[in-house]
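Enquirer: Sharing a structure with you now.
The values are calculated or read from the model by the stated rules, or taken from the named source; none is laboratory data. None of the values given here were measured: they were computed from a predicted structure. Don't worry about glycine lacking a Cβ; one is built from the backbone with ideal geometry, like all the others, and counts go over all protein chains shown. Keep in mind that these areas ignore ligands, DNA and RNA; they rest on the heavy atoms of the full protein, side chains included. Shrake-Rupley method; radii C 1.70, N 1.55, O 1.52, S 1.80 Å.
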Amino acid sequence: MDVERNPGITPTATETTTTLIPGSVPLSLGSFLGGRSGSHNILDTEKIVYLTSGRMAIAQALRLCQISEGDEVLVPAYHCSSMIAPVKHSGAKAVFYRIHPDMSIDLEDIDKKLNSNTRLLLVAHYFGFPQPIDRLQQFCTDKGITLLEDCAHALFSRYQDRPLGSFGAYAAGSLMKFFPVNDGGFLTANSSHPIQLQTESGGRAFELRSVLNTLEKSFIYNRLKLLELLLWIPLRLKSLLWKWLKSRQGEGYTESAPAASDGGFDFEPRWIDTRISLFSLKITRLVSTNRIIEKRIKNYQWLSDALSDLPGCQRLYPKLPEGVVPYVFPLIVDRVDPAFINLRMRGIPLLRWEFLDDEVDAATCANSHHYSRHLVQIPCHQELRQGELEWMVDNIRQEFSGNDEP
């Protein structure tokens, strides 16, 4: 990882190639301060397997359920491509269901789409906010289909005093969205479902890249300055070595880490059976989960207050319900462009899921179609400094302040 790239934007000669605000979580000394939360979360489940990313965990869940060609999997119409790619890789048909304006699942629409080929329901807890998962659990039991919870956004959220991810037959998620790691996903299973998987190491280059890229991202955002000075020479040599290997192998060059590690959305089947790097697993077990939970909640609430009166904008969830630990702060913007592009160019890592599957349009789900164009995801992770939050909000307010104009 030489820089943190801006997905969806073609760089120009004058564009910065690094975001000034970390969109994902960099490692810092503070990462280890605050202790581990005593509250049970999905990672405390006994039946758990660690892989390289959440999309590979979904692929493994489909494999364990023996999902294949001729089967149908119910998936949300509002999604990122990494949710859908594993379904298509399995050979099954992805059937898109609707969501309500509050992003809860439209159960009536799901019921209409059931047929004899339906095998599994994939449920996403968007941005850390729970779906009515107890009702969905009962629905799947009654209909005889498997429930898979996508907890990529909801690693620490709870519902009815239970961790999200503990309701479905399986739960999949991404560690990179909450922990300062370069790779990592997980798959869990409840007591009545198997999870015996044969995983393999990603190799020495993968393990080394995990360490160096984690540190390099921290250095980019000035989180470990002293260590950066000590490691400047080996990191420079690493970059030169990577470039040399690519030039030697040309088109035959094989990346030593999956696309997910660099923020990409590609699905690469060769990484399905690869386990998490040892360094990422160690970091996940050492950093403070108390700090992750407390600072994300605090940052979310601060952003909600700071953006409460922004013209032409609506907070999707102004308040955090009890038990919700957010992934990002979602903001609905009447006129997104060119403000979204301008903010990205300034170095603010806003996201939006603007590229839905080709089968999804306004007729499939009007709410999903609308959110793909108007819902902006603002980072609120635990490593954001107060000055960074304030600078980010000042720029957001400046760009979106004209939304009330005719």
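Enquirer: Among the residues of region 138-165, write down those that are open to solvent by 10 Å² or more (accessible area, probe 1.4 Å), outside any strand (DSSP E or B) and either touching a Gly at 6+ places or on another chain (Cβ under 7 Å) or modelled with pLDDT under 95 (or both).
Expert: Ala152, His153, Gln160, Asp161
Enquirer: So is Lys93 open to solvent by 40 Å² or more (accessible area, probe 1.4 Å), in contact (Cβ under 8 Å) with a residue 40 or more places away in the chain and not aliphatic (A, V, I, L, M) or not?
Expert: Numbers: open to solvent by 40 Å² or more (accessible area, probe 1.4 Å): yes; in contact (Cβ under 8 Å) with a residue 40 or more places away in the chain: no; not aliphatic (A, V, I, L, M): yes.
Against the criterion (open to solvent by 40 Å² or more (accessible area, probe 1.4 Å), in contact (Cβ under 8 Å) with a residue 40 or more places away in the chain and not aliphatic (A, V, I, L, M)), Lys93 does not qualify.
Enquirer: Still on this structure: Take region 366-393 and flag every residue that is assigned to a helix (DSSP H, G or I), surrounded by fewer than 22 Cβ atoms within 10 Å (Cβ to Cβ) and in contact with a helix residue (DSSP H, G or I) (Cβ under 9 Å, 6 or more places away or on another chain).
Expert: Selection gives Gln386, Leu389, Glu390, Val393.
Enquirer: Name, by its number, the condition in (1) at pLDDT below 95; (2) of a type in the set (A, V, I, L, M); (3) open to solvent by 10 Å² or more (accessible area, probe 1.4 Å) that does not hold for Leu114.
Expert: Exception for Leu114: condition (1).
Enquirer: Now a separate question. Can you pull out the residues in region 311-335 that are open to solvent by 10 Å² or more (accessible area, probe 1.4 Å), closer than 19 Å to Leu351 by Cβ and part of a loop (DSSP other than H, G, I, E, B)?
Expert: Answer for region 311-335, where residues must be open to solvent by 10 Å² or more (accessible area, probe 1.4 Å), closer than 19 Å to Leu351 by Cβ and part of a loop (DSSP other than H, G, I, E, B): Leu316, Tyr317, Tyr327, Asp334, Arg335.
Enquirer: Scan (1) at pLDDT below 95; (2) touching an Asp or Glu at 6+ places or on another chain (Cβ under 9 Å) for the single condition Arg36 breaks and write down its number.
Expert: Against the list (1) at pLDDT below 95; (2) touching an Asp or Glu at 6+ places or on another chain (Cβ under 9 Å), Arg36 comes up short only on (2).
Enquirer: Given the structure, is Ser210 hydroxyl-bearing (Ser, Thr, Tyr), over 28 Å from Ile84 (Cβ atoms), open to solvent by less than 30 Å² (accessible area, probe 1.4 Å) and at pLDDT below 95? Show your work before the answer.
Expert: Working: hydroxyl-bearing (Ser, Thr, Tyr): yes; over 28 Å from Ile84 (Cβ atoms): no; open to solvent by less than 30 Å² (accessible area, probe 1.4 Å): yes; at pLDDT below 95: yes.
No.
Enquirer: So which residues in region 263-285 are in contact with a strand residue (DSSP E or B) (Cβ under 7 Å, 6 or more places away or on another chain), part of a loop (DSSP other than H, G, I, E, B) and open to solvent by 70 Å² or more (accessible area, probe 1.4 Å), if there are any at all? First the steps, then the outcome.
Expert: Narrowing region 263-285 to residues in contact with a strand residue (DSSP E or B) (Cβ under 7 Å, 6 or more places away or on another chain): 273-276, 281.
Filter once more, keeping what is part of a loop (DSSP other than H, G, I, E, B): 273, 276.
Listed by number, the list is empty, since nothing qualifies.
Enquirer: While we're looking at this one, here's another question. State the number of residues belonging to region 286-310 that are surrounded by fewer than 16 Cβ atoms within 10 Å (Cβ to Cβ) and either under 18 Å from Asn395 (Cβ atoms) or more than 23 Å from the chain's Cα centre (by Cα) (or both).
Expert: 3
Enquirer: For region 352-365, enumerate the residues that are within 20 Å of Asp102 (Cβ to Cβ) and either buried (at least 21 other Cβ atoms within 10 Å of the Cβ) or touching a residue at least 12 places away in the same chain (Cβ under 8 Å) (or both).
Expert: Those that are within 20 Å of Asp102 (Cβ to Cβ) and either buried (at least 21 other Cβ atoms within 10 Å of the Cβ) or touching a residue at least 12 places away in the same chain (Cβ under 8 Å) (or both): Arg352, Trp353, Leu356, Val360, Thr364, Cys365.
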